[in-house]
Amino acid sequence: MTITKTCRDCKLEKPITEFSPRQNYNKSGVKYMNSFCKHCLTIRARNWQKKNPVKYKTYQDEYKEERQAHNDETYIHPAEGPNN
C-alpha cells in the first residue's frame, strides 16, 4: 500500500515520495512533509526568483560568500593532508 498526499497547489494526489521533508519535526520526532509536491515547489521557487530578483541575487551572493568561507576553513591542501 502506497502512502499518498494531495498537493495544495496542483490538487493532485501523489505518492509521499513526491513531497520533500520540511526542516521541522512533530512532537513524536517525525519529520513533516511539505504541503506542495516537488514539481509545484520548484515552480513556486522560480516564480519567487523572477518576482524578487534583487532579494534572490543578495541571497545567492551571501550564500556563495558563506560557502567560500567554509571551504577556506575546511580545505586541506593535498601536500599538507593527514597522509603526509
Point to revise | Among the listed pairs LYS31/LYS51; LYS14/LYS64; LYS11/LYS57; LYS38/LYS64; LYS11/LYS31, those beyond 27 Å (Cα-Cα) | key: LYS31/LYS51; LYS14/LYS64; LYS11/LYS57
Check your understanding: Fewest to most neighbouring Cβ within 10 Å: what's the order for LYS14, LYS64?
Key -> LYS64, LYS14
Check your understanding: What aspartates and glutamates sit close enough to LYS5 to cross-link, taking a C-alpha to C-alpha distance under 17 Å and skipping anything fewer than 8 places away on the same chain?
Key -> GLU13, GLU18
Point to revise | Share of pairwise Cα separations in the range 2-48, more than 18 Å, in percent | key: 32
Review point. Order of PHE36, PHE19 from fewest to most other C-beta atoms within 10 Å?
Key: PHE36, PHE19
Review point. Once you put a point 7 Å from the Cα of ARG44 and another 7 Å from the Cα of GLU73, both along the Cβ direction, what distance in nm separates them?
Key: 3.1
Check your understanding: Does anyone have the angle between helix 38-51 and the longest principal axis of the chain? Alpha-carbon axes, 0 to 90°, nearest 10?
Key -> 70
**Study point:** Per-pair calculated FRET efficiency, R0 = 22 Å: LYS31 and THR6 via Cβ, rounded to 0.05
**Key:** 0.75
Point to revise | Among LYS38, LYS57, LYS27: highest mean-square fluctuation, GNM of the chain, C-alpha pairs under 10 Å | key: LYS27
Review point. Per the Kirkwood treatment, what hydrodynamic radius in Å, one decimal, follows for the range 23-64 from the mean inverse distance over all distinct Cα pairs?
Key: 12.4
**Study point:** Distance cut-off 18 Å, percentage of C-alpha pairs in the chain lying past it
**Key:** 66
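Just so you know, all these numbers are worked out from the coordinates, no wet-lab data involved. A quick note: this is a predicted structure, and the numbers were derived from the prediction, not measured. For neighbour counting, all protein chains shown are included, and Cβ atoms are generated from backbone atoms with ideal geometry for every residue, glycine included.
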